[in-house]
Amino acid sequence: MSVAPMQAEQAARPAAKKRRRRRPDDLGLPTTVLTYSLLIVGSIIFMAPFAWMVVASFKHLDDIFSYPPTWIPHNPTLSNYRDFWDSQNVARWFFNSAFVTLTIVAAQTVLSAMAAYCFAKRTFPFRDGLFLIGLGTMAIPTAVLLVPQYLVLKHIPMFGGNDVLGNGGHGWLDSYWGLIVPNGFNMFSIFMMRQYMRSIPDELIDAAKVDGAGHFRIFAKVVVPLSKPVIAVTAIFAFNFYWNNFQTPLIIISSPDHYTVPLGLALFVASAAHRTSWDLVMAGSVLATLPVLIAFLVFQRYIVRGIALSGLK
């Protein structure tokens, strides 16, 4: 073996060591302790309001506003939950929220997945331009659309007492239609799914076409099974948003029979004392948070995987 190759190999070894990336384990003990300390403090700060809400839901009204505040109830009680459930038509609120949210999630998931497949794997005129226009709508503030949306929903023809021209009644206002139909299509879900579907190999779709499959069969049998992580994460995001949505029901809904949980909690005022019953509101807030918390705990692995594979860091 000649000397020149050996010298070249020895000269290359230090360069290779310099190019090696440092792993988090190589940062040293002080840096690791500082990192975990900041993460723990940040977690405590973000969890403190939720923890206080849970603790306050077991307190009497006078104990909630006691000073200094206490994190452990002196006389814990479950009467807040019982009184909250019996005070108003709370069961109807939860039914409305569940029906509206699940319907929106189902419609939005199906329509957004179909649109994302077209933008990712189909070729048609003005495809990229239409997608860019759709992305541009995400930059429009929601408050700007409230008045136009209200007027459109009010003048829906042949609904809510309206005539053919959309006059004379209230249209889709104060109805499930006004909450579900405008939210059945979401550009953010389309964007997430499109980014994920672009990573699906075209060879799989071409093989399905060779076997005689049409676009709907390719979408149902090839694309959807491979896109389960991103479909799950967009569905969870939609469930979280529309379950907690307050602004839209506040504008559209006026009948107590159509109240959702956030709207009912915001208007939860004891008529006798003309003041907010914070002990009942805390109990109701805990109950309203449970569905979202359960959904996150069950599907959290899909959230991490779906976001990572969709190109959003």
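Tabulated values for the structure
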{"read-out": "Number of positions in segment 183-203 that are farther than 12 Å from MET138 by Cβ and not hydroxyl-bearing (Ser, Thr, Tyr)", "value": "12"}
{"read-out": "Neighbours by Cβ (under 7 Å, 6+ apart or cross-chain): first from segment 119-141, farther than 24 Å from ASP206 by Cβ and without any contact (Cβ under 8 Å) to a residue 12 or more places away in the chain; second acidic (Asp, Glu) and surrounded by 10 or more Cβ atoms within 10 Å (Cβ to Cβ)", "value": "none"}
{"read-out": "Residue under evaluation THR109, criteria (1) assigned to a helix (DSSP H, G or I); (2) free of Cβ contacts under 8 Å to residues at least 12 places away in the same chain; (3) not aromatic (Phe, Trp, Tyr), criterion not met", "value": "(2)"}
{"read-out": "Candidate set: segment 83-94, residues that are exposed (fewer than 14 other Cβ atoms within 10 Å of the Cβ) and either farther than 13 Å from SER277 by Cβ or hydrophobic (A, V, I, L, M, F, W, C) (or both); chosen: the one modelled with the highest pLDDT", "value": "ALA91"}
{"read-out": "Members of segment 138-165 found to be in a loop (DSSP other than H, G, I, E, B) and either surrounded by fewer than 17 Cβ atoms within 10 Å (Cβ to Cβ) or of a type in the set (Phe, Trp, Tyr) (or both), listed by number", "value": "MET138, ALA139, ILE140, PRO141, PRO157, MET158, PHE159, GLY161, ASP163, VAL164, LEU165"}
{"read-out": "Failed criterion for ILE133 (all others in (1) surrounded by 13 or more Cβ atoms within 10 Å (Cβ to Cβ); (2) modelled with pLDDT of 90 or more; (3) of a type in the set (Val, Ile, Thr) hold)", "value": "(1)"}
{"read-out": "GLN7, sole failed condition from (1) in a loop (DSSP other than H, G, I, E, B); (2) surrounded by 10 or more Cβ atoms within 10 Å (Cβ to Cβ); (3) at pLDDT below 85", "value": "(1)"}
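The values are calculated or read from the model by the stated rules, or taken from the named source; none is laboratory data. This structure is a prediction, so every number in the text was calculated from the model and none was measured. With ideal geometry, Cβ positions are generated from the backbone for all residues, glycine too; neighbour counts draw on all protein chains shown.
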